[in-house]
Amino acid sequence: MEDTIAALATAPGRGSIAVIRISGEKARAALEKVFYPKNPWEPRKLLYGFVRDDGGVVDEAMAVYLPAPHTYTREDVAEIHCHGGPVPVERTLKLLFEAGARPAEPGEFTKRAFLNGRVDLAQAEAVMDLIGAEGEAAARVSLDLMEGKLSRKVGELQSALTDLLAETEAALDYPEEDLEEMMKPALENRMAALQGELQKLIDNANIGRVALEGFKVVLAGRPNVGKSSLLNALSGTERAIVTAIAGTTRDTLEETIDIRGLTFRLLDTAGIRETQDTVESIGVARSRRAMAEAHLVLVILDGSEGLKAEDQAVLASLEKGKGLVVINKGDLPDQMEDGELQKWAPDIPIWHVSAKTGEGLESLKDALYRWALPQPLGSAGLTHERHVLAVKAALASLMRANAALDGDMPVDLLAMDLHECWEHLGEITGQVYNEFIIDRIFEKFCLGK
Ligand code: GDP
Ligand code: ZN
């Protein structure tokens, strides 16, 4: 931690300016060895000047020095804004390394912000999520977390637990009978309330995760019903290969689209056709796996042909509550028998579209959006698997505490479970952490963040 680190903070490549960030005890000393301002140094003021080495001017630049603790890392920080080309950036960085800084690891600036207590772990993660956000929905939930929404919720739950703990520990001084009469019902009520809150976080976890990671939709159906055409029509591109020969789409093909700010990952599959062709069998196995991993499966049918045995097989393979039927080729004469379809797709919502004319696509998109986000974005709390696991572990501890109370176990056992619950919640904000987890989280950051 005593090291002073430096890295390019802006995206690599060419731009009008590039910002190099330095953090640590030697930030100012390193800056002064490299950058020569036209006017005298003054903290928090962007100064005009030159980056110089022994040979002369390396770049014309601006620089600022920000003393601790009111900085991103809470350490001394400096920035050099040089010209945004690889040569000025590399030469300036090299000079900084010679002046005592070392290259920063990915995420190291934000890691220091966390270790120095400027942000908690959920907020640090949200910084990365915001940078990686593909759509507005992802940005919205990341901003909420960055601003402290989840951290505050965790804090509230923890302080309720602390109160509970204080009361149970006070109860250690009372005789058993008094505890039984006076405290048990009250403790039970409060534990039940806490359990409800934890359960709600778990129930709503999908909202945040879908917003952040996107909603996975698989287009399934026998060859030639129009999966590739529909994928193209929905994404507005011509990426998937469309042909009139059955079995052309051999591999799975992903297309990302944005519907009302939410990211959808649409996957075209090779179809669930039984086949001897090995290349195609690999595709079939993949498409089965894709269907299992998807949030939603769109079963595409060809309305101009009616229901075939292969269609029935696809419908039969659907997981309950995970499918929509899309009858394509609505521009052609309708041969689909409603009764027959009802038999094979009971309780499955049906949409009529034409990939060719675009008819019905807007209402299909609306349906996809409602399916992906049945609740408003604002009810999102947890955004990562890690958060969900921590809340589930906290809930398990709380249930053990409840069982201990029910079974008239010694009060100190109860207190232990409550304390464990508190700690699991603390994993979310990083009050409780181990190096390994921290490294895993920050490794995923880009360089210079
Ligand atoms: P896939 O094998 O399910 O991916 O089907 P394709 O997208 O490759 O389409 C098979 C054939 O059906 C192609 O000749 C498409 O032009 C045609 N097709 C797809 N969608 C429509 C549609 O909505 N209307 C009509 N008339 N033809 C379509
Ligand atoms: Zn296709």
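Structure summary
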{"quantity": "Mean separation of Cα contacts under 8 Å, 6 or more apart, over the residue count of the chain: relative contact order %", "calculated": "17"}
{"quantity": "Among 137-147, 405-415, the order from most to least packed when residues are scored by Cβ within 10 Å on average", "calculated": "137-147, 405-415"}
{"quantity": "Residue 163/residue 396 FRET efficiency (R0 22 Å; Cβ-Cβ; nearest 0.05)", "calculated": "0.60"}
{"quantity": "Proxy reagent accessibility, fewest Cβ within 10 Å first, across 46, 324", "calculated": "46, 324"}
{"quantity": "Estimated FRET transfer efficiency when R0 is 25 angstrom, pair residue 434-residue 90 (beta carbons, to 0.05)", "calculated": "0.10"}
{"quantity": "Most positive-pole-ward Cα, 84, 335, 298, against dipole of the chain from beta carbon charges", "calculated": "84"}
{"quantity": "Least to most buried among 336, 399 (fewest other Cβ within 10 Å first)", "calculated": "399, 336"}
{"quantity": "Sequence of 22, 428, 441 once ranked by neighbouring C-beta atoms within 10 Å, starting from the fewest", "calculated": "441, 428, 22"}
{"quantity": "Two-decimal Rg to Rh for the chain - Kirkwood Rh, Cα set", "calculated": "1.10"}
{"quantity": "Amide proton proximity set for residue 351, modelled H, under 5 Å, gap of 5+", "calculated": "325, 326, 327"}
{"quantity": "Extreme residue, positive dipole direction of the chain, given options 183, 71, 394 (C-beta unit charges)", "calculated": "71"}
{"quantity": "Unsatisfied cross-links (Cα-Cα over 19 Å) in the set 149/200; 94/444; 227/343; 227/365", "calculated": "94/444; 227/343"}
{"quantity": "Modelled FRET efficiency - R0 30 Å, residue 359 with residue 322, Cβ distances, 0.05 increments", "calculated": "0.75"}
{"quantity": "Simple spin-label estimate for residue 305 and residue 3 in nanometres, 7 Å along Cα-Cβ", "calculated": "6.0"}
{"quantity": "Column: log10 I(q)/I(0), Debye, Cα scatterers of region 312-377, q = 0.13, 0.22 Å⁻¹", "calculated": "-0.43, -1.05"}
{"quantity": "Gained length - residue 11 relative to residue 134, 0.36 nm times residue gap less alpha-carbon distance", "calculated": "42.6 nm"}
{"quantity": "Rounded Å value of the spacing that divides the Cα centres of region 71-91 and region 371-449", "calculated": "37"}
{"quantity": "Distant alpha-carbon pairs in region 35-131 (separation over 18 angstrom), percent", "calculated": "56"}
{"quantity": "Within-11-Å neighbourhood charge of residue 113 [Cβ basis; K, R +1; D, E -1]", "calculated": "+2"}
{"quantity": "Point-charge dipole on Cβ atoms (K/R +1, D/E -1) for the chain, about Cα centre, debye to 20", "calculated": "2020"}
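Every read-out reported here was derived from the displayed coordinates using simple, explicitly stated rules and does not represent laboratory data. Since this is a predicted model, take the numbers as computed values, not measurements. Positions of Cβ are generated from backbone atoms using ideal geometry, with glycine treated the same way; all protein chains shown enter the neighbour counts.
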